[in-house]
Structure formats: C-alpha cells, structure tokens
C-alpha cells in the first residue's frame, strides 16, 4: 500500500500538455512499459537510453514525468546522470525510480534527493499508471514501509530538536504524530475525539509553522526533529 501526500498548491498539469519519459538501457522492457503507460494514462510516453535534450524534448507536449530504470544501473551512476543531464524543474517535472531492489535500503537518500516516488523490482505492472497519475497530480508515491523506516530514524541534534518541537502546541504534536503514522484526517479525529474540520485547521497551522506543504514533508520533519 502506498501512502500519498496532500496535493501541492497550484493547478495540476494539463494532461494534453504532459509527456512521460522512460530512461534506461533495457530497450525491450521499456518499449513495452511505454506502450502500456500510454494506453493506461492516455499520455504520450517515450523511452531513451540516455537523459539528454533530445530525450527531454523542447516542444509540446512537455515532459512532466521521468521514470529512471534502476536495473543494471547503480544509484551513484543514476545521480551522476541526473546531475550532468539537462536542468529539470522539480516543480514541473516529476522524477521516479523503478526496478529498485527492495533490499537496497536507500529510501532515505532517495527521498532526500527529492525523488517523487519508487516502484520496486517485481511490483505489479498495474501500479505504474496509478503511481504516475498520482505523481502528476502533485502527490508522492512511496510505500508505507519506506516511510515508516524513514520516520523512525532518530532526529539530529538535541538542541535543534527541542527548539523545533517548541514551536508546536501539544495538540499539534499529537496530530503531527498521527500524520507521521499514516493516519487519515478522519482517523486522527476519531482518536483525539475532535472533528475532521478541526483536524484540517490544525494541519493548516502545522504546515505554516514548520514550513511544509504536504504530508510527506511533514513526516520527514517529524523524523528529523521529534
């Protein structure tokens, strides 16, 4: 099960102006995946062995989703490809990894680098269009297990942790812990015996105080400071 973050502010990309790009060396696999995604999402989907200007394209429809194939490509090699390739606008172009070995234990680094989602090796193919649509809609696509592992890591620096925690009220901390555990607004409301509307108000105030805009960022804040 994947945990989705709340949508970011701003209108979603127009489907008619979006394009999906698959980058990786496995031509046959990626050609089949491109055809499947194009059929299921209704968006044009292309594939390339390299991330370059030609692959990204400069004309409409714009590339709004890039899927990097991790099979046969180490993460360090992948980071080098992204950093040396064309400049990507993180606000306008979603980036995800697929064929990631679930035993690598690299989710923390992947999240910290701003990658929007992960599809693990052997994951059912019908998860791809669901995840792609969610990410194009401004959401994140990570498994609950990956998020839980990230959140359970101890925070850094006791002084900074105390200072950060002090900006929140006791009730806001309770709600933030609920968010970090993957609970919905309705679940949090029931647990704390308050209305969902009150929960939404608290979450709005929490986001302003800790300078975040979605549930995933709030989860990472908890992992660092609480």
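For segment 147-179, which positions are part of a helix (DSSP H, G or I) and at pLDDT 75 or above? Let's see the steps before the verdict.
Taking segment 147-179 as the starting set, the residues that turn out to be part of a helix (DSSP H, G or I) are 147-151, 158-165, 170-179.
Listed by number, the residues that qualify are 170, 171, 172, 173, 174, 175, 176, 177, 178, 179.
Go through segment 1-112 and tell me which helices (runs of 4 or more DSSP H), entirely inside it, have 3 or more residues that are within 15 Å of residue 133 (Cβ to Cβ) and modelled with pLDDT of 85 or more.
Numbers: elements: 27-41, 53-56, 75-84, 107-112.
Here the list reads 27-41.
What about residue 206, is it outside any helix (DSSP H, G or I), at pLDDT 90 or above and either in contact with a strand residue (DSSP E or B) (Cβ under 8 Å, 6 or more places away or on another chain) or not assigned by TED's automatic domain parsing to the domain that holds residue 107 (or both)? Steps first, answer last, please.
Values: outside any helix (DSSP H, G or I): no; at pLDDT 90 or above: yes; either in contact with a strand residue (DSSP E or B) (Cβ under 8 Å, 6 or more places away or on another chain) or not assigned by TED's automatic domain parsing to the domain that holds residue 107 (or both): yes.
For residue 206, the condition - outside any helix (DSSP H, G or I), at pLDDT 90 or above and either in contact with a strand residue (DSSP E or B) (Cβ under 8 Å, 6 or more places away or on another chain) or not assigned by TED's automatic domain parsing to the domain that holds residue 107 (or both) - is not met.
Being surrounded by fewer than 19 Cβ atoms within 10 Å (Cβ to Cβ), within 15 Å of residue 67 (Cα to Cα) and at pLDDT 75 or above is the requirement here; does residue 132 meet it?
Values: surrounded by fewer than 19 Cβ atoms within 10 Å (Cβ to Cβ): no; within 15 Å of residue 67 (Cα to Cα): yes; at pLDDT 75 or above: yes.
Against the criterion (surrounded by fewer than 19 Cβ atoms within 10 Å (Cβ to Cβ), within 15 Å of residue 67 (Cα to Cα) and at pLDDT 75 or above), residue 132 does not qualify.
The values are calculated or read from the model by the stated rules, or taken from the named source; none is laboratory data. Predicted model only: the values in this text are computed from it and were never measured. Methodologically, a virtual Cβ is constructed for each residue, glycine included, from the backbone with ideal geometry; neighbour enumeration extends over all protein chains shown.
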